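As C-alpha cells, the structure follows; a few thoughts come after it.
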Amino acid sequence: TFPDFFAAAQQDFAARMDWSVNATYRAVNHPPVIHIQGSREVKAQPGDRIRFTAAVKDPDGNDFIVRWWQFRNTSGEPILTISKEHSLQTTIQIPKEAPHGQTLYLVLEVEDKGKMPLTRYQTVRIIL
C-alpha cells in the first residue's frame with residue numbers, strides 16, 4: 001500500500017499559513033533539515049548489509065523523531081531488514097533471494113516536536 005503522507009502535507013501547509021501571519025522567524029515552527037552521509041544512490045548485492053548514518057538539525061532547536069522505512073512500489077519487492085529504525089544510524093540487510101536488477105528505496109522520515117510538528121524525508125536508492 002502507498003504510504004499516507006496526507007497528515008504531514010496538511011501540517012506543512014498549516015505551518016506555511018502560520019509563517020504568513022507571523023512577523024518573526026522565532027514565532028513559528030520550521031522543518032528539520034536532514035543529511036544522510038554518503039551517496040543517495042548505492043549499488044549493492046543480494047545478501048549485503050549496508051550501514052547508513054544521518055544527521056538532523058532542527059532550526060528551532062526542537063527534539064525530533066527519526067524513522068527509517070522501506071518504500072515499496074509493489075508487494076512483490078524484497079523486504080529489507082532494518083535495524084535501529086528509530087536511530088540516526090541504521091543497518092539494512094538485503095535478502096539473499098533479492099533479484100539482480102531490482103531497485104529498492106530506503107526512506108528516512110524525521111518529524112520535529114514543535115507546536116505544529118513538521119516532517120521531512122530523505123530517500124536512498126539501492127540498486128542491486
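The values are calculated or read from the model by the stated rules, or taken from the named source; none is laboratory data. Here the structure is a predicted model, which means the values were calculated and not measured. All Cβ positions, glycine included, derive from the backbone under ideal geometry; neighbour counts span all protein chains shown. We work out accessible area using only protein heavy atoms, side chains counted, and drop any ligands, DNA or RNA first. Shrake-Rupley method; radii C 1.70, N 1.55, O 1.52, S 1.80 Å.
Do the conditions hold for Ser87, that is, is it modelled with pLDDT under 95 and either among the polar types (S, T, N, Q) or in contact with a His (Cβ under 6 Å, 6 or more places away or on another chain) (or both)? No, not satisfied.
Residue check: is Glu85 under 19 Å from Ala44 (Cβ atoms), under 18 Å from the mean Cα position of the chain (by Cα) and in a loop (DSSP other than H, G, I, E, B)? It is true that Glu85 is under 19 Å from Ala44 (Cβ atoms), under 18 Å from the mean Cα position of the chain (by Cα) and in a loop (DSSP other than H, G, I, E, B). Residues in the range 88-128 that are basic (Lys, Arg), assigned to a loop (DSSP other than H, G, I, E, B) and more than 19 Å from Asp48 (Cα to Cα): Lys113, Lys115.
Counting only residues that are touching a residue at least 12 places away in the same chain (Cβ under 8 Å) and part of a helix (DSSP H, G or I), which one in the range 1-25 is nearest to the chain's Cα centre (by Cα)? Checking each candidate, the answer is Ala8. Remark: pairs (first residue in the range 89-104, within 15 Å of Gln70 (Cα to Cα); second residue in a loop (DSSP other than H, G, I, E, B) and open to solvent by 60 Å² or more (accessible area, probe 1.4 Å); Cβ separation under 6 Å; 6+ apart in sequence or on different chains) = Thr90/Lys84. In the set (1) touching a Phe, Trp or Tyr at 6+ places or on another chain (Cβ under 9 Å); (2) without any contact (Cβ under 8 Å) to a residue 40 or more places away in the chain, Lys57 fails one condition alone, (1).
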